[in-house]
Amino acid sequence: MTNLPIAQILHRAGHWSGTAETCELGYSDRFLRRKKLTTQSGRPFLVDLAQTTSLDHGDALELGDGALIKVIAAQEALVRVSGPDLLRLAWHIGNRHTPCQICADHLLIEADPVIRHMLEHLGATVTGITAPFTPEGGAYGHGRTHAHDHGATAHDH
């Protein structure tokens, strides 16, 4: 057994209030079910959720004593994609099931030399940057796109 405080309740961004410690996590680290984490102030805690969950920037994990830990998207190595035919570039990124953050005049993807080369070949302007990564969620509003289990969705009648 552990003596660490345990977080078993997730509050989505915009659906909680109050003060909270923070825990900064990269995109891949925000996909978890059970994991030991540490707040930015150095407080260790254990996340123990009922199922594997994609945490978003601004979500809060609630510890057993009611304390909240706010999830912060960490700075990561990304590629900024722009060009005159951004919709076409977005289609090619999506066709490769690559997580993508969509902005008004550019796209952000994780740094990947193969995808970067493909985009350059398609005429994109690609620039390496460091920024928080908060890509679009999967279809049906369920976060990551790794699985095809839709749960209760528009398919239900």
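The values are calculated or read from the model by the stated rules, or taken from the named source; none is laboratory data. Quantities reported herein were computed from a predicted structural model and do not represent experimental measurements. Here Cβ is always computed from backbone atoms with ideal geometry, including for glycine, and neighbour counts include all displayed protein chains. Ligands, DNA and RNA are excluded from the accessible area calculation, which covers all protein heavy atoms including side chains. Shrake-Rupley method; radii C 1.70, N 1.55, O 1.52, S 1.80 Å.
Tabulated data for the structure shown
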| item | result |
| --- | --- |
| Region 35-134 - accessible surface per residue (Å², probe 1.4 Å) | 51 Å² |
| Separation in nanometres of the label points that stand 7 Å from Cα toward Cβ, at Leu49 and Asn3 | 2.8 nm |
| Top positive-direction residue, dipole computed over region 41-136 with Cβ charges, set Leu108, Gly66, Thr134 | Leu108 |
| Efficiency of FRET between Thr39 and Thr130 - r from beta-carbon atoms, R0 25 angstrom, step 0.05 | 0.70 |
| At q = 0.11, 0.20, 0.21 Å⁻¹, base-10 log of I(q)/I(0) for the chain (Debye sum, equal scatterers on each alpha carbon) | -0.53, -1.21, -1.27 |
| ³J(HN,Hα), Karplus 6.51/-1.76/1.60, whole Hz, each residue of region 64-70, x for Gly, Pro | x, 8, x, 5, 10, 10, 7 |
| Rg/Rg_ref, region 17-89, where Rg_ref = 2.2 N^0.38 Å and atoms are Cα | 1.38 |
| Debye intensity ratio I(q)/I(0), log10, region 16-55, q values 0.15 Å⁻¹ (C-alpha model) | -0.38 |
